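To start, the structure itself, in structure tokens.
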């Protein structure tokens, strides 16, 4: 696996290194030794999957508050997403900065989302499936978020937002 640094402190874009032949390819998608050597979380307690039917749908921007903060590894299994991270760690040199990454089923890329980041995505294709590995169990009392259109961040989304949950639409502004 290749671990690429990003503009955001501690976030990584992960690429597989496929071994190809006439049948297709085989690639490692997770290895405790390789993640540890890269200084990344190696323990994951939960894996989730989402199916989003319509292109333009937005999910996010979500995070869990301490002590339930979680690392996520996100990958797209079908379709494509515009994946956005916001660094909400007050002691980070990239605090309040965001960056977007396109993940598609056919590119094999994954995104390592550190604890303390808000995460969300917009689907770029219908019937998009996203897989998440989580380092902490979901704790509903610790679930939180910021609005996708919060003026504190000025996130640029590639498509008009066609669908969004009422919960995601009603998160407070970060500064409030």
Among strands (runs of 3 or more DSSP E) entirely within segment 86-134, at least 2 residues that are at pLDDT below 95 and within 18 Å of residue 65 (Cα to Cα) occur in none
From the set of residues in segment 102-114 that are crowded, with 18+ Cβ neighbours inside 10 Å and more than 19 Å from residue 161 (Cα to Cα), which is farthest from the chain's Cα centre (by Cα)?
108
Conditions: (1) over 14 Å from residue 132 (Cα atoms); (2) within 15 Å of the chain's Cα centre (by Cα); (3) in a strand (DSSP E or B). Residue 69 meets all but one. Number of the miss?
(3)
Has segment 165-172 got at least one residue that is under 15 Å from the mean Cα position of the chain (by Cα) and in a loop (DSSP other than H, G, I, E, B)?
no
Has segment 69-90 got at least one residue that is out of contact with any strand residue (DSSP E or B) (no Cβ under 9 Å at 6 or more places or on another chain) and either over 25 Å from residue 51 (Cβ atoms) or touching a residue at least 60 places away in the same chain (Cβ under 8 Å) (or both)?
yes
Looking only at segment 7-39, filter to residues that are in contact with a strand residue (DSSP E or B) (Cβ under 6 Å, 6 or more places away or on another chain), in a loop (DSSP other than H, G, I, E, B) and touching a residue at least 60 places away in the same chain (Cβ under 8 Å); which one of those is farthest from residue 113 (Cα to Cα)?
18
Given the residues 135, 152, 176, which is the only one that is on the phi < 0 side of the Ramachandran plot and free of Cβ contacts under 8 Å to residues at least 24 places away in the same chain?
176
Is there a residue being buried (at least 22 other Cβ atoms within 10 Å of the Cβ) and out of contact with any helix residue (DSSP H, G or I) (no Cβ under 8 Å at 6 or more places or on another chain) anywhere in segment 89-97?
no
When you look at residue 56, is it at pLDDT below 95, surrounded by 11 or more Cβ atoms within 10 Å (Cβ to Cβ) and under 29 Å from residue 162 (Cα atoms), yes or no?
no
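The values are calculated or read from the model by the stated rules, or taken from the named source; none is laboratory data. Just so we're clear, the structure is a prediction, and the values are computed from it rather than from any experiment. So basically every Cβ, Gly included, is an ideal-geometry build from the backbone, and we count neighbours across all protein chains shown.
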